[in-house]
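Below: one structure, written as structure tokens.
The values are calculated or read from the model by the stated rules, or taken from the named source; none is laboratory data. Note that the structure is a prediction, hence the values are computed from the model and not measured. Because the Cβ atoms are built from the backbone with ideal geometry, glycine has one as well, and the counts that use them run over all protein chains shown.
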């Protein structure tokens, strides 16, 4: 008997050793280009971002044969990457040269003395051509620490096939009230919900809150929690009402980035979704069956004549102070994200609305690419149409705790459990203070 | 054999090399032999714990660290922490209720000569313990998915129930966590109990049988009392394991965000504050609180089970 146990334990030990050996070296690594350039390490949480930078590294190497770079890009899961980066910067070792930091997490990196390189010398010469509000969200004490990919204008994506079945013309949906009425028609004609709302992320609620006129959203313009104001209560009550009527359903999997949702939407599960412009890439890559069926329109307004969009989300690429090649990293970052060429590539490659407003009407943005193939040729007209209606957001150190409480509690209690929005928001506001 | 006595005196007079003298010295040698343990303990356990105690009184920001007294501990007593504490306690209690009796009974079966396919069951019950929690958690997340086609929903609809949103409701979420824990830790606990059972002398059972004791009597009067030391050990590590649970919850909800915090554990709360919100001071305070809680609970448990009584 004893021999059996000994044998069993031996096998276990061997197996666990084998497993441990397999588990090393997580994450996906890819070299931007072959060759002998300076190695720059880059961390991101988004595979599309990684592909973009690898593409830009190849172009950079063609144009700068004397300053070649080898981009070592790693894609990690969202939370893992931010936590790893925080710990690496706090401890002062192990951080990459360049990293993507998502807007919700960015304030964590600005606490104390930021361990990031100020990018003023590459940003300031181009400031007149850039959408400045998109740089301010990554700034502290007059220093710019991150450069975004996009403006992130939120729009609404309609499934034209379903709208046609219900006889709804998307151009006639001007306000959220129109949207609810049209939604009812769609539900009656097709048996399918008009839209989905997120229960575990901010993309359904934040654009609706931020598009309200004025500088207040989840926080007031001067940075105080603003949850009990009408700006926040009204959209949540609106969404709750849509859910009660069946016009909206909770997004399968909890949010618009869940595998369950992609499958559901790809099968024509709902007639619309409001998300920022950058969501186009998720359609082309994860919902291929909707090709040619999706039309992009400005979001409905709360009242006629009020703003129809808000700059949403974002990812700032940062350079760490521990990088040994800060100047090269800066030059590459400026090339990839601030140059005219880089901004045109951002559009062509990622389908993002680029940061430089002076390229928006350039002919390159009219050329066919995988996005025009999917959505049609007039994508950019929507952006130009809402150009002056893109509301900004307040982002500061309070943003991570606020979005955390929304993602774990507020949205669940109001939209899933059907609790009274005013009561929930009052309690949450009190807890935050 | 030659008589060694006369030569011994001469040998002690010989001078050994310093290393050998150290190895033979009655005061230094024991220290030398435990040195690897002391070093690794100091480096990987004592230092982090002391440093966490220190950090729990600080505000830790990149490049700016200052002492703020008890403020972290004052911030700690909030509804979210209480929720995490409740969840962890509930989880610990349920895992104890399942993971002590069930493996004990199974181990008795697996130890019995009458059991068919003993070795087959021994290995199959143990295999889950070899899987990575990350992989197992992901598989469980999909199996307990909210879509109608998920594994668990296929089961319950076949039994005539409505499909459930397993990971979105409090009771069901805790159930899922317990199922995952049971699946994963059952084999380990069976192994402990099996080892304990092998140490019970066969003669006790034989003489009990001669005295006319039934199988049930033998289980209650011989097996259970003699397994007590093992049971106490399993209880102790289970209490610690229950309170320290994090990865299972993290993987089931693909991140640390469960709806209404139904899956938030104390370590999850530590992770959220310390890492996700970059507040390592508060995170350390949560860690120290966890240490105090598990220490207290374990001490009470050991006291009640009589571990501190002198053995007769």
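Which condition number in (1) within 14 Å of another protein chain (Cβ to nearest Cβ); (2) within 26 Å of the chain's Cα centre (by Cα) is the one that residue B:177 fails?
(1)
Just one of (1) modelled with pLDDT of 90 or more; (2) in a loop (DSSP other than H, G, I, E, B) trips up residue B:146, so point out which.
Of everything listed in (1) modelled with pLDDT of 90 or more; (2) in a loop (DSSP other than H, G, I, E, B), residue B:146 misses just condition (1).
Scan region A:182-201 residue by residue and report those that are assigned to a loop (DSSP other than H, G, I, E, B), within 13 Å of residue A:249 (Cα to Cα) and within 14 Å of chain B (Cβ to nearest Cβ). Talk me through it step by step, then tell me what you get.
The initial filter retains those residues of region A:182-201 that are assigned to a loop (DSSP other than H, G, I, E, B), namely A:191-194, A:198-201.
Adding the requirement that they be within 13 Å of residue A:249 (Cα to Cα) leaves A:191-194, A:198-199.
Within region A:182-201, A:198, A:199 meet the criteria.
Residues to consider are B:204, B:191, B:226; find the one that is in contact (Cβ under 8 Å) with a residue 60 or more places away in the chain and surrounded by 14 or more Cβ atoms within 10 Å (Cβ to Cβ).
Among B:204, B:191, B:226, only B:191 is in contact (Cβ under 8 Å) with a residue 60 or more places away in the chain and surrounded by 14 or more Cβ atoms within 10 Å (Cβ to Cβ).
For residues that are out of contact with any strand residue (DSSP E or B) (no Cβ under 8 Å at 6 or more places or on another chain) and facing another protein chain (nearest Cβ under 7 Å), scanning just region A:405-416, find the one that is farthest from residue A:200 (Cα to Cα).
A:413
If you scan region A:64-101, which residues turn out to be in contact (Cβ under 8 Å) with a residue 40 or more places away in the chain, part of a strand (DSSP E or B) and away from every other protein chain (no Cβ under 12 Å)?
Passing the criteria: A:69, A:71, A:72, A:73, A:74, A:75, A:98, A:99, A:100.
All but one of (1) farther than 30 Å from residue A:125 by Cα; (2) free of Cβ contacts under 8 Å to residues at least 12 places away in the same chain hold for residue A:339; which doesn't?
For residue A:339, the exception is condition (1).
Where residues in region B:236-283 are part of a helix (DSSP H, G or I) and in contact with a strand residue (DSSP E or B) (Cβ under 8 Å, 6 or more places away or on another chain), which of them is farthest from the other protein chains (Cβ to nearest Cβ)? So that I can check it myself, show each step before the final result.
Pass one, region B:236-283, residues part of a helix (DSSP H, G or I): B:236-243, B:247-252, B:259-261, B:266-276, B:280-283.
Then keep just the ones that are in contact with a strand residue (DSSP E or B) (Cβ under 8 Å, 6 or more places away or on another chain); that gives B:280-281.
Numbers: B:280: 7, B:281: 11 Å.
Going through the qualifying residues, I end up with B:281.
Which residues, counting only those in region B:114-128, are in contact (Cβ under 8 Å) with a residue 40 or more places away in the chain and either within 11 Å of chain A (Cβ to nearest Cβ) or touching a strand residue (DSSP E or B) at 6+ places or on another chain (Cβ under 8 Å) (or both)?
If the condition is that a residue be in contact (Cβ under 8 Å) with a residue 40 or more places away in the chain and either within 11 Å of chain A (Cβ to nearest Cβ) or touching a strand residue (DSSP E or B) at 6+ places or on another chain (Cβ under 8 Å) (or both), then B:122, B:126, B:127 are the ones that fit.
Give me the pairs: first residue in region B:47-61 and closer than 16 Å to residue B:275 by Cβ and away from every other protein chain (no Cβ under 13 Å), second residue modelled with pLDDT of 90 or more and crowded, with 18+ Cβ neighbours inside 10 Å, beta-carbon distance under 7 Å, and six or more apart or on different chains, which are they?
Listed pairs, sorted by first residue: B:52/B:284; B:52/B:287; B:52/B:288; B:56/B:72; B:56/B:281; B:56/B:284; B:56/B:285; B:56/B:288.
Give me the residue from region B:59-79 that is part of a helix (DSSP H, G or I) and surrounded by 18 or more Cβ atoms within 10 Å (Cβ to Cβ) and, out of that set, farthest from the chain's Cα centre (by Cα).
Residue satisfying both the conditions and the ranking: B:72.
What about residue A:155, is it buried (at least 21 other Cβ atoms within 10 Å of the Cβ) and free of Cβ contacts under 8 Å to residues at least 60 places away in the same chain? Show your work before the answer.
Values: buried (at least 21 other Cβ atoms within 10 Å of the Cβ): yes; free of Cβ contacts under 8 Å to residues at least 60 places away in the same chain: no.
So residue A:155 does not fit the description; no.
Checking residue A:163 against (1) in a loop (DSSP other than H, G, I, E, B); (2) modelled with pLDDT of 90 or more; (3) closer than 29 Å to residue A:383 by Cβ: exactly one of these is not met. Which one?
It is condition (1) that residue A:163 fails.
For residues that are farther than 19 Å from residue A:383 by Cα and in a loop (DSSP other than H, G, I, E, B), scanning just region A:321-371, find the one that is nearest to the chain's Cα centre (by Cα).
Taking the candidates together, the pick is A:339.
Right, residue B:84: under 30 Å from residue B:194 (Cα atoms) and within 13 Å of chain A (Cβ to nearest Cβ) or not?
no
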